[in-house]
Amino acid sequence: MSILSTALLEWYSVNKRDLPWRRTTDPYHVVVSEFMLQQTQVSRVVEKYHEFFLLFPTIQSLAAASPAEVIKAWSGLGYNRRALLLHRFVREVVEKRGGVIPSVPEELILLPGVGSYMAGSIASFAFNLPEPAVDVNVRRIFYRYVHGKDQGKPLGRKEEEQLWTLVRGNIPKLKSSDFHNALMDFGSLVCTRDSPSCASCPLRSSCSFVSLYEAQKEKVLYVMEKRQEKGMMENGKFVPNRIFRGRIVEFARQNEHRSFSFAVFGKVIKKDYTNCDREWLLLLCKTLQEDHLLTFSLENNDSIILRFSP
Ligand code: SF4
C-alpha cells in the first residue's frame with residue numbers, strides 16, 4: 001500500500017462518519033444514495049434516506065412508481081432533475097437488465113444520470129471494485145498532495161486521465177470502498193477547501209503542499225480567490241459578502257450623491273480595509289449595480305459616489 005493509502009485508512013479507522021449508506025453494499029441503496037448526495041448536504045440526505053426506502057423498498061417498486069410520486073418523495077432534496085434521472089436509471093435496469101445493477105463503470109456509464117464519478121463510486125461502494133471515483137474532495141487531496149498547490153483551473157484531458165490513473169494506483173487491494181469513504185471524510189474534515197489542517201494532518205510528512213502553504217498561505221491557496229466571491233476575512237473572521245453588500249447599501253442610504261475616497265468608504269465597509277481590498281470592493285459595487293440596487297460613479301479613480309437606482 002502507498003504511504004498515502006496507509007495513512008488515510010488508519011485515519012479513517014478512527015474518524016469515519018457513521019452514515020446509513022455505509023452500512024450496506026446493496027447496489028440499489030448505494031445508487032439511490034449517490035443520486036441523493038449529488039450537490040446536497042450529507043445531513044439532508046440522512047434525513048430523507050430511510051423515508052425514501054419506506055416508500056420504495058425495492059428497485060422494482062421505484063421503477064413502477066410514476067415520475068410524480070418519485071418527485072414527491074424527493075421533496076427537500078432539491079434538484080428534482082436528479083430524481084427523474086434516478087427513476088430513468090432504475091426503469092432501464094428493471095426493463096432491460098432484469099433488475100440487476102451492473103458492477104463495472106463501462107456498463108454503468110451507459111445508464112441515465114451516470115457520469116464518470118458515479119460509475120466509479122457505484123463500482124467501489126457497492127462492489128468494492130478497485131475503480132477510481134474522483135469527486136471534488138478526492139481531486140483536491142491528490143492535487144495538493146502531488147503538485148503542492150490547488151488545481152486552479154480545469155484540467156486538460158490528458159492531465160485528467162493522469163489524475164484518475166494516480167487515484168487508481170493508490171486504491172488498496174480489497175479496500176476500495178473504505179479508501180474512497182476515507183477520502184470523502186478526509187476532504188470534509190481535514191484537507192478542507194478553505195483551511196486545510198496541515199499542522200495535524202497524518203499525510204503531512206509526505207504531502208507536497210505543506211511547506212509552501214505554511215510559508216505563504218494566502219498566495220498558495222487558490223481557493224482564497226474563489227472565496228472572495230463569497231466573502232472576505234475581516235479582523236481574522238470570515239464575513240460573507242451579503243453582509244458587506246448590506247453595509248454598502250446602508251452607507252449609500254446615508255451618503256447618497258456624496259463623494260468619498262476609497263480609503264474612507266472602504267474602512268466603513270470593512271474594518272481592516274486596505275488598498276489591496278479595492279478590487280474586491282469595486283466588484284461588490286458592480287454586483288449591486290447589476291442587481292439594480294445601486295449605481296456608482298468613480299472620480300479620478302480614487303473616489304466613489306453611490307446612488308440608488310432610479
Ligand atoms: S498536509 Fe495539508 S494539504 Fe496535505 S493532505 Fe494534509 S491537509 Fe491536505
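The values are calculated or read from the model by the stated rules, or taken from the named source; none is laboratory data. Every value quoted in this text rests on a predicted model; they were computed, and no experiment measured them. Virtual Cβ from ideal backbone geometry, glycine too; neighbours counted across all protein chains shown. We work out accessible area using only protein heavy atoms, side chains counted, and drop any ligands, DNA or RNA first. Shrake-Rupley method; radii C 1.70, N 1.55, O 1.52, S 1.80 Å.
Overview of results
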{"quantity": "Any hit, the range 167-174, residues being more than 16 Å from the ligand (Cβ to nearest atom) and in a helix (DSSP H, G or I)", "calculated": "yes"}
{"quantity": "Flag for GLY113 being in contact (Cβ under 8 Å) with a residue 60 or more places away in the chain and open to solvent by 20 Å² or more (accessible area, probe 1.4 Å)", "calculated": "yes"}
{"quantity": "Residue under evaluation ALA133, criteria (1) within 16 Å of the ligand (Cβ to nearest atom); (2) free of Cβ contacts under 8 Å to residues at least 60 places away in the same chain, criterion not met", "calculated": "(1)"}
{"quantity": "Only listed residue being free of Cβ contacts under 8 Å to residues at least 40 places away in the same chain, open to solvent by 40 Å² or more (accessible area, probe 1.4 Å) and of a type in the set (A, V, I, L, M, F, W, C), chosen from ALA68, ALA63, ALA119", "calculated": "ALA68"}
{"quantity": "Residue selected from the range 122-136 under the condition in a loop (DSSP other than H, G, I, E, B) and under 19 Å from the mean Cα position of the chain (by Cα), by the criterion surrounded by the most Cβ atoms within 10 Å (Cβ to Cβ)", "calculated": "PRO132"}
{"quantity": "Odd one out for LYS219, checked against (1) modelled with pLDDT under 90; (2) open to solvent by less than 30 Å² (accessible area, probe 1.4 Å); (3) part of a helix (DSSP H, G or I)", "calculated": "(2)"}
{"quantity": "Matching residues in the range 24-48 - criterion: being at pLDDT 95 or above and assigned to a helix (DSSP H, G or I)", "calculated": "PRO27, TYR28, HIS29, VAL30, VAL31, VAL32, SER33, GLU34, PHE35, MET36"}
{"quantity": "Of all residues making up the range 71-98, the number that are open to solvent by less than 20 Å² (accessible area, probe 1.4 Å) and among the small types (Gly, Ala, Ser)", "calculated": "2"}
{"quantity": "Strands (runs of 3 or more DSSP E) completely within the range 225-303 that count 1 or more residues being outside the structural domain of LYS149 (by TED's automatic domain parsing) and over 29 Å from the mean Cα position of the chain (by Cα)", "calculated": "259-261, 294-299"}
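Results for (1) modelled with pLDDT of 95 or more; (2) in contact with a strand residue (DSSP E or B) (Cβ under 9 Å, 6 or more places away or on another chain); (3) away from the ligand (no atom under 14 Å from the Cβ), shown as yes or no for each residue.
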residue	(1), (2), (3)
LEU155	no, no, yes
SER176	yes, no, yes
ASN181	yes, no, yes
ASP194	no, yes, no
SER205	no, no, no
SER211	no, no, no
